[in-house]
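Shown next, in C-alpha coordinates, is the structure this report addresses.
The values are calculated or read from the model by the stated rules, or taken from the named source; none is laboratory data. Please read all numbers here as calculations on a predicted model, not as lab measurements. Methodologically, a virtual Cβ is constructed for each residue, glycine included, from the backbone with ideal geometry; neighbour enumeration extends over all protein chains shown. Surface accessibility is based on the protein's heavy atoms, side chains included, excluding ligands, DNA and RNA. Shrake-Rupley method; radii C 1.70, N 1.55, O 1.52, S 1.80 Å.
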There are 2 protein chains.
Amino acid sequence: MSVMAAASEDDRRRAILDAAVAVVVERGYASARVSDIAKRAGTSTGTVHYYFPTKVDVLDAALQHASERSHARHRAELVALSEPREQLLRLIDLQIPDADVADEWSIWLEFWNEARRRDELRARNHEIYTRWVGMIDTIVRNGQRQGQFSLDIDPADFALRFAGLFDGLGLQVLLQPSLENRWRLRAALRGVVERELLT
Amino acid sequence: MSVMAAASEDDRRRAILDAAVAVVVERGYASARVSDIAKRAGTSTGTVHYYFPTKVDVLDAALQHASERSHARHRAELVALSEPREQLLRLIDLQIPDADVADEWSIWLEFWNEARRRDELRARNHEIYTRWVGMIDTIVRNGQRQGQFSLDIDPADFALRFAGLFDGLGLQVLLQPSLENRWRLRAALRGVVERELLT
DNA sequence: AAGAGAGTTGACTGACGCGTCAGATAGTCG
DNA sequence: CGACTATCTGACGCGTCAGTCAACTCTCTT
(Lines give C-alpha, C1' and ligand atoms only; values in the text may rest on other atoms or scores of the structure.)
Protein backbone atom coordinates (compact mmCIF):
# COMPACT_ATOMS: atom_id res chain seq x y z
CA MET A 1 0.00 0.00 0.00
CA SER A 2 1.45 3.34 -1.03
CA VAL A 3 1.54 6.48 1.07
CA MET A 4 -0.94 7.93 -1.36
CA ALA A 5 -3.22 4.96 -0.99
CA ALA A 6 -3.10 5.14 2.80
CA ALA A 7 -3.97 8.83 2.79
CA SER A 8 -6.65 8.16 0.24
CA GLU A 9 -8.18 5.41 2.32
CA ASP A 10 -8.51 7.65 5.35
CA ASP A 11 -9.88 10.47 3.25
CA ARG A 12 -12.44 8.24 1.68
CA ARG A 13 -13.51 6.84 4.98
CA ARG A 14 -13.87 10.27 6.49
CA ALA A 15 -15.67 11.58 3.43
CA ILE A 16 -18.19 8.77 3.77
CA LEU A 17 -18.72 9.51 7.45
CA ASP A 18 -19.09 13.24 6.86
CA ALA A 19 -21.56 12.49 4.10
CA ALA A 20 -23.45 10.09 6.34
CA VAL A 21 -23.76 12.75 9.05
CA ALA A 22 -25.06 15.24 6.49
CA VAL A 23 -27.58 12.75 5.14
CA VAL A 24 -28.85 11.89 8.63
CA VAL A 25 -29.29 15.60 9.34
CA GLU A 26 -31.12 16.08 6.06
CA ARG A 27 -33.20 12.94 5.70
CA GLY A 28 -33.14 11.42 9.18
CA TYR A 29 -31.54 8.23 10.43
CA ALA A 30 -34.25 5.86 9.25
CA SER A 31 -34.63 7.49 5.84
CA ALA A 32 -30.93 7.73 5.05
CA ARG A 33 -30.11 5.83 1.85
CA VAL A 34 -26.76 4.31 1.06
CA SER A 35 -27.00 5.90 -2.38
CA ASP A 36 -27.50 9.34 -0.78
CA ILE A 37 -24.38 8.87 1.27
CA ALA A 38 -22.41 7.63 -1.73
CA LYS A 39 -23.51 10.55 -3.90
CA ARG A 40 -22.67 13.11 -1.23
CA ALA A 41 -19.26 11.53 -0.64
CA GLY A 42 -18.62 11.60 -4.37
CA THR A 43 -18.35 7.84 -4.69
CA SER A 44 -20.43 4.74 -5.39
CA THR A 45 -22.62 2.55 -3.22
CA GLY A 46 -20.16 -0.27 -3.78
CA THR A 47 -17.40 1.75 -2.12
CA VAL A 48 -19.57 2.60 0.85
CA HIS A 49 -20.09 -1.13 1.35
CA TYR A 50 -16.39 -1.71 0.80
CA TYR A 51 -15.62 0.36 3.92
CA PHE A 52 -18.66 -0.54 5.96
CA PRO A 53 -20.36 -3.94 5.70
CA THR A 54 -23.89 -2.64 6.22
CA LYS A 55 -25.77 0.62 6.29
CA VAL A 56 -26.16 0.39 10.06
CA ASP A 57 -22.37 0.20 10.38
CA VAL A 58 -21.98 3.44 8.41
CA LEU A 59 -24.59 5.22 10.46
CA ASP A 60 -23.26 4.03 13.79
CA ALA A 61 -19.75 5.07 12.83
CA ALA A 62 -21.13 8.43 11.71
CA LEU A 63 -22.76 9.01 15.10
CA GLN A 64 -19.50 8.12 16.83
CA HIS A 65 -17.68 10.47 14.45
CA ALA A 66 -20.05 13.35 15.23
CA SER A 67 -19.86 12.71 18.96
CA GLU A 68 -16.06 12.76 19.00
CA ARG A 69 -16.00 15.97 17.01
CA SER A 70 -18.41 17.65 19.37
CA HIS A 71 -16.52 16.64 22.47
CA ALA A 72 -13.17 17.63 20.98
CA ARG A 73 -14.59 21.04 20.11
CA HIS A 74 -15.81 21.57 23.67
CA ARG A 75 -12.49 20.58 25.18
CA ALA A 76 -10.51 22.76 22.80
CA GLU A 77 -12.64 25.80 23.53
CA LEU A 78 -12.71 25.36 27.29
CA VAL A 79 -9.02 24.69 27.78
CA ALA A 80 -8.32 28.19 26.49
CA LEU A 81 -10.27 29.70 29.39
CA SER A 82 -8.94 29.66 32.92
CA GLU A 83 -11.96 30.83 34.89
CA PRO A 84 -14.69 28.23 35.58
CA ARG A 85 -17.28 30.99 35.33
CA GLU A 86 -16.05 31.88 31.85
CA GLN A 87 -15.99 28.22 30.89
CA LEU A 88 -19.59 27.66 31.86
CA LEU A 89 -20.79 30.76 30.08
CA ARG A 90 -18.76 29.83 27.02
CA LEU A 91 -20.25 26.34 27.04
CA ILE A 92 -23.69 27.91 26.80
CA ASP A 93 -22.82 29.99 23.77
CA LEU A 94 -20.94 27.09 22.19
CA GLN A 95 -23.93 24.83 22.23
CA ILE A 96 -26.91 27.06 21.47
CA PRO A 97 -28.49 25.53 18.34
CA ASP A 98 -27.40 27.78 15.52
CA ALA A 99 -25.98 27.07 12.05
CA ASP A 100 -23.48 24.19 12.42
CA VAL A 101 -24.48 23.44 15.97
CA ALA A 102 -28.09 22.93 14.87
CA ASP A 103 -26.85 20.05 12.74
CA GLU A 104 -25.19 18.60 15.80
CA TRP A 105 -28.44 18.86 17.76
CA SER A 106 -30.21 17.15 14.89
CA ILE A 107 -27.80 14.27 15.16
CA TRP A 108 -28.45 13.99 18.89
CA LEU A 109 -32.17 13.96 18.31
CA GLU A 110 -31.91 11.24 15.68
CA PHE A 111 -29.57 9.38 17.96
CA TRP A 112 -31.91 9.49 20.96
CA ASN A 113 -34.74 8.33 18.81
CA GLU A 114 -32.80 5.41 17.45
CA ALA A 115 -31.32 4.60 20.86
CA ARG A 116 -34.81 4.08 22.21
CA ARG A 117 -34.95 0.87 20.20
CA ARG A 118 -31.34 -0.37 20.28
CA ASP A 119 -29.43 -1.42 23.36
CA GLU A 120 -25.94 -0.66 22.02
CA LEU A 121 -26.98 2.86 21.17
CA ARG A 122 -28.61 3.33 24.56
CA ALA A 123 -25.32 2.33 26.17
CA ARG A 124 -23.51 4.80 23.92
CA ASN A 125 -25.94 7.53 24.78
CA HIS A 126 -25.32 6.87 28.43
CA GLU A 127 -21.57 7.26 27.95
CA ILE A 128 -21.94 10.43 25.96
CA TYR A 129 -24.44 11.94 28.34
CA THR A 130 -22.31 11.04 31.34
CA ARG A 131 -19.34 12.71 29.68
CA TRP A 132 -21.40 15.83 28.98
CA VAL A 133 -22.75 16.03 32.55
CA GLY A 134 -19.29 15.22 33.85
CA MET A 135 -17.82 18.14 31.97
CA ILE A 136 -20.23 20.53 33.69
CA ASP A 137 -19.65 18.83 37.03
CA THR A 138 -15.90 19.31 36.71
CA ILE A 139 -16.24 23.00 35.88
CA VAL A 140 -18.48 23.50 38.92
CA ARG A 141 -16.07 21.68 41.22
CA ASN A 142 -13.19 23.77 39.94
CA GLY A 143 -15.21 26.90 40.50
CA GLN A 144 -16.00 25.86 44.05
CA ARG A 145 -12.38 24.99 44.76
CA GLN A 146 -11.33 28.41 43.55
CA GLY A 147 -13.98 30.06 45.69
CA GLN A 148 -15.73 31.43 42.62
CA PHE A 149 -18.90 29.39 43.01
CA SER A 150 -21.16 28.86 45.98
CA LEU A 151 -20.44 25.81 48.11
CA ASP A 152 -24.12 25.38 48.92
CA ILE A 153 -24.95 23.33 45.87
CA ASP A 154 -24.05 19.78 44.95
CA PRO A 155 -21.98 19.80 41.72
CA ALA A 156 -23.41 16.52 40.38
CA ASP A 157 -26.94 17.65 41.08
CA PHE A 158 -26.36 21.03 39.48
CA ALA A 159 -24.69 19.47 36.45
CA LEU A 160 -27.62 17.14 35.89
CA ARG A 161 -30.14 19.94 36.10
CA PHE A 162 -28.07 22.24 33.93
CA ALA A 163 -27.69 19.58 31.25
CA GLY A 164 -31.37 18.69 31.43
CA LEU A 165 -32.45 22.28 31.08
CA PHE A 166 -30.05 22.74 28.19
CA ASP A 167 -31.35 19.67 26.36
CA GLY A 168 -35.00 20.38 26.93
CA LEU A 169 -34.95 24.00 25.91
CA GLY A 170 -32.32 23.44 23.23
CA LEU A 171 -34.59 20.92 21.60
CA GLN A 172 -37.36 23.48 21.26
CA VAL A 173 -34.88 26.04 19.94
CA LEU A 174 -33.84 23.49 17.33
CA LEU A 175 -37.47 23.17 16.25
CA GLN A 176 -38.28 26.88 16.49
CA PRO A 177 -34.96 28.60 15.93
CA SER A 178 -36.08 32.21 16.36
CA LEU A 179 -33.76 34.84 17.74
CA GLU A 180 -36.12 35.20 20.67
CA ASN A 181 -36.01 31.51 21.52
CA ARG A 182 -32.24 31.45 21.34
CA TRP A 183 -32.14 34.47 23.61
CA ARG A 184 -34.50 32.80 26.08
CA LEU A 185 -32.41 29.65 26.17
CA ARG A 186 -29.29 31.69 26.83
CA ALA A 187 -31.02 33.77 29.48
CA ALA A 188 -32.45 30.72 31.23
CA LEU A 189 -29.06 29.01 31.42
CA ARG A 190 -27.18 32.14 32.49
CA GLY A 191 -29.92 32.76 35.04
CA VAL A 192 -29.42 29.37 36.63
CA VAL A 193 -25.67 29.95 36.81
CA GLU A 194 -26.16 33.36 38.40
CA ARG A 195 -28.81 32.33 40.88
CA GLU A 196 -27.26 29.10 42.02
CA LEU A 197 -23.51 29.40 41.60
CA LEU A 198 -22.69 33.07 41.90
CA THR A 199 -23.92 33.92 45.34
CA MET B 1 -76.05 3.43 7.80
CA SER B 2 -77.18 1.53 10.87
CA VAL B 3 -76.45 2.40 14.47
CA MET B 4 -74.19 -0.63 14.55
CA ALA B 5 -72.37 0.48 11.46
CA ALA B 6 -71.88 4.00 12.79
CA ALA B 7 -70.47 2.74 16.06
CA SER B 8 -68.35 0.26 14.14
CA GLU B 9 -66.94 2.98 11.91
CA ASP B 10 -65.81 5.06 14.87
CA ASP B 11 -64.42 2.01 16.61
CA ARG B 12 -62.50 1.01 13.56
CA ARG B 13 -61.06 4.46 13.14
CA ARG B 14 -60.00 4.61 16.75
CA ALA B 15 -58.62 1.08 16.64
CA ILE B 16 -56.47 2.07 13.67
CA LEU B 17 -55.20 5.17 15.47
CA ASP B 18 -54.44 3.24 18.65
CA ALA B 19 -52.65 0.64 16.60
CA ALA B 20 -50.69 3.32 14.76
CA VAL B 21 -49.55 4.85 18.05
CA ALA B 22 -48.44 1.43 19.28
CA VAL B 23 -46.55 0.74 16.07
CA VAL B 24 -44.79 4.11 16.18
CA VAL B 25 -43.75 3.39 19.77
CA GLU B 26 -42.51 -0.05 18.81
CA ARG B 27 -40.96 0.49 15.39
CA GLY B 28 -40.57 4.26 15.15
CA TYR B 29 -42.30 6.74 12.90
CA ALA B 30 -40.17 6.14 9.84
CA SER B 31 -40.24 2.37 10.14
CA ALA B 32 -43.95 2.02 10.78
CA ARG B 33 -45.60 -0.16 8.14
CA VAL B 34 -49.21 0.04 7.06
CA SER B 35 -49.42 -3.72 7.37
CA ASP B 36 -48.19 -3.54 10.99
CA ILE B 37 -50.91 -1.05 11.80
CA ALA B 38 -53.54 -3.15 10.03
CA LYS B 39 -52.50 -6.33 11.82
CA ARG B 40 -52.48 -4.67 15.22
CA ALA B 41 -55.88 -3.11 14.58
CA GLY B 42 -57.19 -6.52 13.57
CA THR B 43 -57.99 -5.46 10.04
CA SER B 44 -56.52 -5.28 6.55
CA THR B 45 -54.29 -2.77 4.79
CA GLY B 46 -57.19 -1.99 2.47
CA THR B 47 -59.29 -0.82 5.40
CA VAL B 48 -56.51 1.36 6.76
CA HIS B 49 -56.41 3.06 3.36
CA TYR B 50 -60.19 3.26 3.34
CA TYR B 51 -60.07 5.51 6.43
CA PHE B 52 -56.81 7.32 5.70
CA PRO B 53 -55.67 8.02 2.14
CA THR B 54 -51.95 7.67 2.85
CA LYS B 55 -49.68 6.36 5.56
CA VAL B 56 -48.64 9.88 6.49
CA ASP B 57 -52.29 10.71 7.13
CA VAL B 58 -52.61 7.80 9.56
CA LEU B 59 -49.45 8.71 11.40
CA ASP B 60 -50.28 12.40 11.63
CA ALA B 61 -53.75 11.59 12.92
CA ALA B 62 -52.18 9.17 15.41
CA LEU B 63 -49.90 11.90 16.75
CA GLN B 64 -52.88 14.20 17.11
CA HIS B 65 -54.78 11.41 18.82
CA ALA B 66 -51.97 10.81 21.31
CA SER B 67 -51.57 14.50 21.99
CA GLU B 68 -55.27 14.99 22.72
CA ARG B 69 -55.29 12.00 25.03
CA SER B 70 -52.31 13.27 26.94
CA HIS B 71 -53.74 16.74 27.37
CA ALA B 72 -57.15 15.41 28.40
CA ARG B 73 -55.50 13.22 30.99
CA HIS B 74 -53.61 16.16 32.46
CA ARG B 75 -56.72 18.30 32.64
CA ALA B 76 -58.79 15.56 34.19
CA GLU B 77 -56.21 14.89 36.89
CA LEU B 78 -55.53 18.51 37.71
CA VAL B 79 -59.13 19.64 37.89
CA ALA B 80 -59.62 17.30 40.84
CA LEU B 81 -57.03 19.20 42.86
CA SER B 82 -57.73 22.64 44.23
CA GLU B 83 -54.29 23.68 45.44
CA PRO B 84 -51.84 24.91 42.77
CA ARG B 85 -49.01 23.39 44.77
CA GLU B 86 -50.70 20.01 44.67
CA GLN B 87 -51.38 20.42 40.97
CA LEU B 88 -47.76 21.09 40.13
CA LEU B 89 -46.52 18.17 42.20
CA ARG B 90 -49.16 15.93 40.66
CA LEU B 91 -48.11 17.01 37.19
CA ILE B 92 -44.60 15.82 37.96
CA ASP B 93 -45.73 12.37 39.03
CA LEU B 94 -48.19 12.16 36.15
CA GLN B 95 -45.55 12.66 33.54
CA ILE B 96 -42.50 10.79 34.82
CA PRO B 97 -41.67 8.24 32.08
CA ASP B 98 -42.97 4.95 33.42
CA ALA B 99 -45.07 2.20 31.88
CA ASP B 100 -47.79 3.85 29.79
CA VAL B 101 -46.28 7.30 30.09
CA ALA B 102 -43.03 6.02 28.60
CA ASP B 103 -44.97 5.25 25.44
CA GLU B 104 -46.20 8.79 25.42
CA TRP B 105 -42.66 10.11 25.74
CA SER B 106 -41.65 7.85 22.87
CA ILE B 107 -44.33 9.43 20.74
CA TRP B 108 -43.06 12.90 21.59
CA LEU B 109 -39.53 11.92 20.71
CA GLU B 110 -40.58 10.47 17.37
CA PHE B 111 -42.70 13.54 16.82
CA TRP B 112 -39.86 16.00 17.50
CA ASN B 113 -37.61 14.07 15.22
CA GLU B 114 -40.12 14.09 12.41
CA ALA B 115 -41.06 17.72 13.04
CA ARG B 116 -37.49 18.73 12.40
CA ARG B 117 -38.09 18.00 8.72
CA ARG B 118 -41.73 18.97 8.23
CA ASP B 119 -43.17 22.44 8.62
CA GLU B 120 -46.72 21.36 9.50
CA LEU B 121 -45.44 19.16 12.30
CA ARG B 122 -43.19 21.94 13.56
CA ALA B 123 -46.22 24.19 13.76
CA ARG B 124 -48.11 21.50 15.63
CA ASN B 125 -45.25 20.95 18.00
CA HIS B 126 -45.28 24.65 18.71
CA GLU B 127 -48.99 24.53 19.57
CA ILE B 128 -48.61 21.50 21.79
CA TYR B 129 -45.54 22.85 23.54
CA THR B 130 -47.22 26.22 24.07
CA ARG B 131 -50.20 24.43 25.60
CA TRP B 132 -47.94 22.44 27.89
CA VAL B 133 -45.98 25.48 29.03
CA GLY B 134 -49.23 27.41 29.32
CA MET B 135 -50.64 24.80 31.67
CA ILE B 136 -47.69 25.25 34.02
CA ASP B 137 -47.88 29.02 33.65
CA THR B 138 -51.54 28.99 34.66
CA ILE B 139 -50.89 26.88 37.74
CA VAL B 140 -48.11 29.24 38.82
CA ARG B 141 -50.30 32.31 38.32
CA ASN B 142 -53.07 30.73 40.35
CA GLY B 143 -50.62 29.89 43.08
CA GLN B 144 -49.37 33.44 43.16
CA ARG B 145 -52.89 34.87 43.21
CA GLN B 146 -53.70 32.65 46.17
CA GLY B 147 -50.55 33.74 47.94
CA GLN B 148 -49.21 30.18 47.89
CA PHE B 149 -46.29 30.88 45.57
CA SER B 150 -43.61 33.56 45.68
CA LEU B 151 -44.34 36.69 43.67
CA ASP B 152 -40.64 37.14 42.91
CA ILE B 153 -40.62 34.96 39.84
CA ASP B 154 -42.09 35.49 36.41
CA PRO B 155 -44.65 32.73 35.72
CA ALA B 156 -43.91 32.50 31.98
CA ASP B 157 -40.19 32.31 32.64
CA PHE B 158 -40.63 29.70 35.34
CA ALA B 159 -42.98 27.64 33.17
CA LEU B 160 -40.50 27.59 30.31
CA ARG B 161 -37.65 26.49 32.53
CA PHE B 162 -39.77 23.91 34.31
CA ALA B 163 -40.94 22.42 31.02
CA GLY B 164 -37.42 22.48 29.59
CA LEU B 165 -35.98 20.73 32.62
CA PHE B 166 -38.78 18.18 32.52
CA ASP B 167 -38.21 17.42 28.82
CA GLY B 168 -34.44 17.25 29.02
CA LEU B 169 -34.25 15.01 32.06
CA GLY B 170 -37.36 13.06 31.11
CA LEU B 171 -35.72 12.17 27.83
CA GLN B 172 -32.77 10.60 29.61
CA VAL B 173 -35.11 8.76 31.97
CA LEU B 174 -36.90 7.38 28.93
CA LEU B 175 -33.58 6.06 27.62
CA GLN B 176 -32.28 4.86 31.01
CA PRO B 177 -35.41 4.12 32.99
CA SER B 178 -33.80 3.10 36.27
CA LEU B 179 -35.48 3.72 39.57
CA GLU B 180 -32.63 6.02 40.48
CA ASN B 181 -33.05 8.14 37.37
CA ARG B 182 -36.76 8.46 37.92
CA TRP B 183 -36.11 9.49 41.47
CA ARG B 184 -33.58 12.09 40.35
CA LEU B 185 -35.97 13.54 37.83
CA ARG B 186 -38.66 13.80 40.47
CA ALA B 187 -36.27 15.32 42.99
CA ALA B 188 -34.94 17.86 40.48
CA LEU B 189 -38.42 19.04 39.56
CA ARG B 190 -39.68 19.16 43.14
CA GLY B 191 -36.50 20.96 44.12
CA VAL B 192 -37.12 23.70 41.58
CA VAL B 193 -40.68 24.12 42.83
CA GLU B 194 -39.53 24.32 46.43
CA ARG B 195 -36.61 26.66 45.85
CA GLU B 196 -38.33 29.05 43.49
CA LEU B 197 -42.02 29.02 44.30
CA LEU B 198 -42.32 28.09 47.95
CA THR B 199 -40.42 30.85 49.68
C1' DA C 1 -86.97 -9.58 -3.48
C1' DA C 2 -83.93 -6.70 -5.59
C1' DG C 3 -80.96 -2.86 -5.62
C1' DA C 4 -77.93 0.57 -3.45
C1' DG C 5 -74.16 1.57 -1.03
C1' DA C 6 -71.06 1.53 2.98
C1' DG C 7 -67.51 -1.21 4.71
C1' DT C 8 -64.00 -4.76 4.12
C1' DT C 9 -60.66 -7.89 2.13
C1' DG C 10 -56.09 -9.36 0.43
C1' DA C 11 -53.81 -10.28 -3.84
C1' DC C 12 -51.40 -7.56 -6.84
C1' DT C 13 -48.39 -3.88 -9.00
C1' DG C 14 -44.79 -0.90 -9.45
C1' DA C 15 -41.26 1.42 -7.16
C1' DC C 16 -37.45 1.44 -4.32
C1' DG C 17 -33.20 0.24 -1.93
C1' DC C 18 -29.67 -2.89 0.32
C1' DG C 19 -26.12 -5.75 -0.48
C1' DT C 20 -23.60 -8.58 -4.04
C1' DC C 21 -20.60 -9.42 -7.59
C1' DA C 22 -18.04 -9.57 -11.84
C1' DG C 23 -15.07 -6.77 -13.62
C1' DA C 24 -12.13 -2.42 -14.11
C1' DT C 25 -8.07 0.27 -12.66
C1' DA C 26 -3.87 1.15 -10.67
C1' DG C 27 -0.12 0.37 -7.69
C1' DT C 28 3.37 -3.18 -5.66
C1' DC C 29 6.44 -6.89 -5.64
C1' DG C 30 9.19 -10.70 -7.35
C1' DC D 1 7.03 -7.86 -17.38
C1' DG D 2 3.36 -10.63 -15.06
C1' DA D 3 1.19 -11.98 -10.77
C1' DC D 4 -0.97 -10.15 -6.92
C1' DT D 5 -3.54 -6.96 -4.08
C1' DA D 6 -6.16 -2.91 -2.78
C1' DT D 7 -9.60 0.11 -4.24
C1' DC D 8 -13.50 1.16 -6.74
C1' DT D 9 -17.64 0.82 -9.84
C1' DG D 10 -22.55 0.32 -11.10
C1' DA D 11 -25.82 -3.04 -12.76
C1' DC D 12 -28.54 -6.55 -10.92
C1' DG D 13 -31.16 -9.82 -7.73
C1' DC D 14 -34.11 -10.11 -4.29
C1' DG D 15 -36.96 -8.61 -0.74
C1' DT D 16 -40.09 -5.05 0.98
C1' DC D 17 -43.84 -1.94 1.06
C1' DA D 18 -47.53 1.77 -0.18
C1' DG D 19 -51.37 2.13 -2.48
C1' DT D 20 -54.96 0.02 -5.86
C1' DC D 21 -58.73 -2.64 -7.19
C1' DA D 22 -62.11 -6.18 -8.18
C1' DA D 23 -64.84 -8.80 -5.58
C1' DC D 24 -67.39 -9.84 -1.44
C1' DT D 25 -70.57 -9.12 2.79
C1' DC D 26 -73.95 -6.93 5.27
C1' DT D 27 -77.51 -3.60 6.13
C1' DC D 28 -80.96 -0.60 4.79
C1' DT D 29 -84.50 0.96 1.47
C1' DT D 30 -88.17 0.54 -1.64
Long-range amide H partners of A:SER150 with built H, under 5 Å: A:LEU198, A:THR199
What relative contact order, as a whole-number percentage, does the range B:124-199 give when Cα pairs under 8 Å and 6 or more residues apart are counted? 34 percent
How many angstrom lie between the Cα centre of the range A:101-139 and the Cα centre of the range A:142-199? 18 Å
Whole-percent carbon and sulfur contribution to the accessible surface of the range B:71-199 (1.4 Å, no ligands, DNA or RNA) stands at 50 percent
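Expressed in nm to one decimal, what extension gain is obtained for the pair A:GLU83 and A:GLN146 from 0.36 nm per residue of sequence separation less their Cα-Cα distance?
On the way: separation 63, 0.36 × 63 = 22.68 nm, distance 0.90 nm.
My answer for the length gained is 21.8 nm.
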Mean Cα-pair separation over length for chain A, i.e. relative contact order, pairs under 8 Å, 6 or more apart, %: 19 percent
Partner lysines for B:LYS39 [C-alpha distance under 22 Å; skip if fewer than 8 residues away on the same chain]: B:LYS55
Modelled label-to-label distance, A:ARG14 and A:THR138, 7 Å Cα→beta-carbon offset: nm? 2.4 nm
Counted charge near B:SER178, where neighbours are those whose Cβ lies closer than 15 Å (Asp, Glu -1; Lys, Arg +1): +1
To test your reading of the geometry: what angle, between 0 and 90 degrees and rounded to tens, separates the Cα axis of helix A:179-192 from the longest principal axis of chain A? 50 degrees
Ignoring ligands, DNA and RNA, what accessible area per residue does the range B:81-197 give at 1.4 Å, in Å²? 42 Å²
What accessible surface, in Å², does a 1.4 Å probe find on A:TRP112, ignoring ligands, DNA and RNA and rounding to the nearest 10? 10 Å²
Between the modelled labels at B:GLU180 and A:ASP57 (7 Å from Cα along Cα→Cβ) the distance in nm is 3.5 nm
Give the average, rounded to an integer, of partner chain Cβ atoms located within 10 angstrom of each Cβ in A:168-178. 6
Multiplying the sequence separation of B:ARG131 and B:ALA156 by 0.36 nm and subtracting their Cα-Cα distance, what value in nm do you get? 7.8 nm
Just by accessible area at a 1.4 angstrom probe, what is the order of A:LEU179, A:LEU109 from largest to smallest? A:LEU179, A:LEU109
Report the accessible area of B:PHE52, computed with a 1.4 Å probe over the heavy atoms of all protein chains in place, in Å² rounded to the nearest 10. 10 Å²
Kindly compute the accessible surface that chains A and B hide from a 1.4 Å probe when together, both sides summed, and give it to the nearest 100 Å². 3000 Å²
